[in-house]
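Colleague: Following this message is one structure expressed as structure tokens.
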Amino acid sequence: MNSDAALLDRWRAGDRDAGNALLSRYFESLYRFFRNKVGDQAEDLVQRTLTACLAAPAQFRGDASFRSYLFRIARNELYRHFKRGRRAFDPLEHSVADLDVSMTDWVASQRSREALLLALRRLPLDLQIVLELHYWEDMSMTEIGEVLEIPTGTAKSRMRRAREALRAVLPEFLDDANDVESSLDDLEAWAVAVRDAVG
């Protein structure tokens, strides 16, 4: 099986099959990454991410994983998307809900899934990204640090802040305090179920 780096090199040299192989490996993950943030524009941002990846040959040096590199580009494309037409945008302060991204009816029907998706959308964007990369993409704190371009220790701190922020926001979407606690206690299983629904 070809490594991501080898496929990227071949794709940049004009091998469409290599590009298709990379796309098949990462499309679902990238789509999930964008879907809960931009709704129906997710596919467009996946395409922009892949185009940016192809157009920046000098940037991937192999000192981080290709996946981290790809999600760093995805994050940058997401920020560019939100900055268009706005004077101020701070991903540590503004949430998707603040940015008035319209909800679509794709949200999963089960109450707890809907609550998680809605709660995630209320978190500052960088905190939402940390949780989704960890729980949906199974990224380590080191990889998340590479995506966010911060040290691993800072990524761990962001994860703690993200979980605390989620705990604070969830009661807005779940009426029963026991539902909030049980959801947070089993966040990993819950997040996997939501990931599968979003995917």
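The numbers here are math on the coordinates, done by the rules we state, and not lab data. From a predicted model like this one, the values you see are computed outputs, not experimental measurements. Backbone-built Cβ (ideal geometry, glycine too); neighbour counts: all protein chains shown.
Colleague: Using the basic label-point model (7 angstrom from Cα toward the beta carbon), what is the R16 to T152 distance in nanometres?
Modeller: According to this spin-label approximation, the distance is 4.2 nm.
Colleague: Please list, in order along the stretch 113-129, the HN-Hα scalar couplings obtained from phi with the Karplus expression 6.51 cos²θ - 1.76 cosθ + 1.60 (θ = phi - 60°), rounded to whole Hz, x for Gly and Pro.
Modeller: Along the stretch 113-129, the couplings run 5, 4, 4, 5, 4, 5, 5, 4, 5, 8, 7, x, 4, 5, 6, 4, 4 Hz.
Colleague: For the pair A55/F89, report the inter-label distance in nm, with labels modelled 7 Å from Cα in the Cβ direction.
Modeller: If labels sit at A55 and F89, their model points lie 1.5 nm apart.
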